[in-house]
Number of protein chains: 2
Amino acid sequence: MPRIDTAQRVDRKAAILDAAERCFVRSGFHGASMSDICGEAGMSPGNLYRYFPSKEAMIEGLCERDFAEVGEGFSTLALAPDIWTAFEALARFHMIEEPRESCQLWVEIMSEVARNPQIGTLRKKIDQFIEGKIRFALEMARDRGQTAPDADLEPAVQFLITYADGLMLRRARDENFDPRPHVDLMFSILRSMLLPPSTPAIARLNTP
Amino acid sequence: MPRIDTAQRVDRKAAILDAAERCFVRSGFHGASMSDICGEAGMSPGNLYRYFPSKEAMIEGLCERDFAEVGEGFSTLALAPDIWTAFEALARFHMIEEPRESCQLWVEIMSEVARNPQIGTLRKKIDQFIEGKIRFALEMARDRGQTAPDADLEPAVQFLITYADGLMLRRARDENFDPRPHVDLMFSILRSMLLPPSTPAIARLNTP
DNA sequence: CTCATAAAAATGAATGTTCATTCTCTTTTT
DNA sequence: AAAAAGAGAATGAACATTCATTTTTATGAG
């Protein structure tokens, strides 16, 4: 008499979310049909509904997962020995290594945030979490002498958040957008904000 | 025997787009139904279809109008006597005076861009247009001695585009986001990129 | 001025399709 | 053999669009 295999169930849910993610990127949350998702997941609707009670629940599950993945990268940021290196690695990961589809999903989620209060609440939490982690990381950097001692951190925090969002939006909408020089520019500007004025100014941007 | 009044027809179409815009911001392009739009426009479906042949056409019409409005602001940028003032006015207009709903619509459009080739083509055009106008405005500023003579313009162009997109995305997703200090920060950074190093560095950001 | 008239504007019910979800049944697993 | 996994047809609501019909409006003949 078989009992439910929890681990296998979690894997299956993840695979369904993967399939749903592909559909949502292709057609949007409201443009993709459950039938599309069933096809992509190789699964009948009857069976899919054993894992998620509704389409809404799938969207929320996907947002939750996406937020958790993003949050994870920031959680250990301040612990790294060299914060600049850790920061750059994190930015490179999110903006360059991750496929463009991640950015498209991000923008899709952001446009859903105002419509779905459930997702809105999740968004608020992750935004505050990330902002706090960035602020803490910069404070650590300053305490360790890795920035100018009197560096004003708050503008740098806000700059990073805004600029990263801008890069996500640009990459999502333009298939030819190469994020690499733009990440370099982001850190050039960040350095000019945080390092003593003696250090060389904004580096050049290699525009294609 | 009445003939068609073209001007009145254009007004009517604009009013329909206004109503549609409200619905699309509220529910998204694919979440809003034609019935919603008819209700918002105070118009029966049969009549609405005399002005737009399909929902798709309405979405395209709305994008086209939005792009045209944005483009208009940039078209005369380089002609202004003081480019810094003109730039700041334009940024304040788009980021502060315009309601948050504009930002939400912008994000909605950006997430539609990859799905609808028609809109994708429009997006490419307006992006290139804006980028060209910003570049030209900065060149004019440099020629007039309003920037450092050896200022590297390209990073500044890219910074402005990315940062403005970031502000749009943040304002769209967060109802409590106050764009004003962030626009100030944007121009502080821009000045630090374009003015000689003698001029005072990044201004403080008033965070609430 | 007025009224007949035909074009244009507008209506709202009808249509056919698509969609999310459910239900019944079969297959697999232990 | 019983519980879980899975399939796929069925259901009812919602949707974009169309159609038959009525109302409004501008015009020019009387």
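The values are calculated or read from the model by the stated rules, or taken from the named source; none is laboratory data. Since the model is a prediction, treat every value here as computed from it, not as a measurement. Please note: Cβ atoms are built from the backbone with ideal geometry, for glycine as well, and neighbour counts cover all protein chains shown. Remember, those area values only see protein heavy atoms, side chains included, never the ligands or the DNA or RNA. Shrake-Rupley method; radii C 1.70, N 1.55, O 1.52, S 1.80 Å.
Pick out the one residue from B:S102, B:S111 that is of a type outside the set (A, V, I, L, M), within 14 Å of chain A (Cβ to nearest Cβ), open to solvent by less than 30 Å² (accessible area, probe 1.4 Å) and more than 15 Å from B:A164 (Cα to Cα).
Numbers: B:S102 fails: more than 15 Å from B:A164 (Cα to Cα).
None of the other options fit; the residue is B:S111.
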>> I'd like to know if the stretch A:145-161 contains one or more residues that are without any contact (Cβ under 8 Å) to a residue 12 or more places away in the chain and within 13 Å of B:D174 (Cβ to Cβ).
In response: yes
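Of the residues B:A137, B:A141, which single one is among the small types (G, A, S) and more than 18 Å from the chain's Cα centre (by Cα)?
Details: B:A137 fails: more than 18 Å from the chain's Cα centre (by Cα).
None of the others qualify; the one that does is B:A141.
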> So is A:L153 modelled with pLDDT of 95 or more and in contact with a Gly (Cβ under 8 Å, 6 or more places away or on another chain) or not?
Replying inline: no
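Hey, among the residues in the stretch B:182-192 that are more than 7 Å from chain A (Cβ to nearest Cβ) and open to solvent by 20 Å² or more (accessible area, probe 1.4 Å), which one's farthest from A:P117 (Cα to Cα)? Steps first, answer last, please.
Narrowing the stretch B:182-192 to residues more than 7 Å from chain A (Cβ to nearest Cβ): B:183-184, B:186-188, B:190-191.
Those still in the list that are open to solvent by 20 Å² or more (accessible area, probe 1.4 Å) too: B:184, B:191.
Details: B:D184: 31, B:R191: 39 Å.
Per the stated criteria, the residue is B:R191.
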>> Name the single residue that is modelled with the highest pLDDT among those in the stretch B:168-208 being part of a loop (DSSP other than H, G, I, E, B) and polar (S, T, N, Q).
In response: B:N176
> When only residues in the stretch B:51-70 that are within 16 Å of DNA strand C (Cβ to nearest atom) and part of a helix (DSSP H, G or I) count, which is surrounded by the most Cβ atoms within 10 Å (Cβ to Cβ)?
Replying inline: B:M58
> Has the stretch B:71-88 got at least one residue that is in a helix (DSSP H, G or I), hydrophobic (A, V, I, L, M, F, W, C), touching a Ser or Thr at 6+ places or on another chain (Cβ under 9 Å) and within 15 Å of DNA strand D (Cβ to nearest atom)?
Replying inline: no
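Being within 14 Å of chain B (Cβ to nearest Cβ) and either closer than 22 Å to A:P196 by Cβ or without any contact (Cβ under 8 Å) to a residue 12 or more places away in the chain (or both) narrows it down to one of A:I134, A:I126, A:I83, A:I130, so name that one.
Details: A:I126 fails: either closer than 22 Å to A:P196 by Cβ or without any contact (Cβ under 8 Å) to a residue 12 or more places away in the chain (or both); A:I83 fails: within 14 Å of chain B (Cβ to nearest Cβ); A:I130 fails: either closer than 22 Å to A:P196 by Cβ or without any contact (Cβ under 8 Å) to a residue 12 or more places away in the chain (or both).
Result: A:I134 is the single residue among A:I134, A:I126, A:I83, A:I130 that is within 14 Å of chain B (Cβ to nearest Cβ) and either closer than 22 Å to A:P196 by Cβ or without any contact (Cβ under 8 Å) to a residue 12 or more places away in the chain (or both).
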> Residue check, B:A78 against (1) more than 11 Å from DNA strand C (Cβ to nearest atom); (2) open to solvent by 80 Å² or more (accessible area, probe 1.4 Å), all met but one. Which one?
Replying inline: (2)
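Would you check if B:A19 is outside the structural domain of B:F129 (by TED's automatic domain parsing), within 20 Å of B:Q104 (Cβ to Cβ), more than 8 Å from DNA strand D (Cβ to nearest atom) and buried (at least 18 other Cβ atoms within 10 Å of the Cβ)?
Numbers: outside the structural domain of B:F129 (by TED's automatic domain parsing): yes; within 20 Å of B:Q104 (Cβ to Cβ): yes; more than 8 Å from DNA strand D (Cβ to nearest atom): yes; buried (at least 18 other Cβ atoms within 10 Å of the Cβ): yes.
Against the criterion (outside the structural domain of B:F129 (by TED's automatic domain parsing), within 20 Å of B:Q104 (Cβ to Cβ), more than 8 Å from DNA strand D (Cβ to nearest atom) and buried (at least 18 other Cβ atoms within 10 Å of the Cβ)), B:A19 qualifies.
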> Just one of A:A89, A:A14, A:A19, A:A114 is among the aliphatic types (A, V, I, L, M), within 16 Å of DNA strand C (Cβ to nearest atom) and either more than 30 Å from A:R142 (Cβ to Cβ) or without any contact (Cβ under 8 Å) to a residue 40 or more places away in the chain (or both); which is it?
Replying inline: A:A19
> Restricting attention to the stretch B:147-169, which residues are facing chain A (nearest Cβ under 10 Å) and open to solvent by 20 Å² or more (accessible area, probe 1.4 Å)?
Replying inline: B:D152, B:E154, B:I161, B:A164, B:M168
>> So, in the stretch A:25-50, exactly how many residues are assigned to a loop (DSSP other than H, G, I, E, B) and open to solvent by 30 Å² or more (accessible area, probe 1.4 Å)?
In response: 7
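Looking at the stretch A:26-40, which of its residues are more than 10 Å from DNA strand C (Cβ to nearest atom) and in contact with a Lys or Arg (Cβ under 9 Å, 6 or more places away or on another chain)? Break it down stepwise before answering.
Step one: of the stretch A:26-40, the residues more than 10 Å from DNA strand C (Cβ to nearest atom) are A:26, A:28, A:39-40.
Of everything in the stretch A:26-40, those that are more than 10 Å from DNA strand C (Cβ to nearest atom) and in contact with a Lys or Arg (Cβ under 9 Å, 6 or more places away or on another chain) turn out to be A:R26, A:G28, A:E40.
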> What pairs can you find where one residue is in the stretch A:40-66 and within 15 Å of DNA strand D (Cβ to nearest atom), the other is of a type in the set (G, A, S), and their Cβ atoms are less than 6 Å apart, with a gap of 6+ or different chains?
Replying inline: A:E40/A:A19; A:A41/A:A19
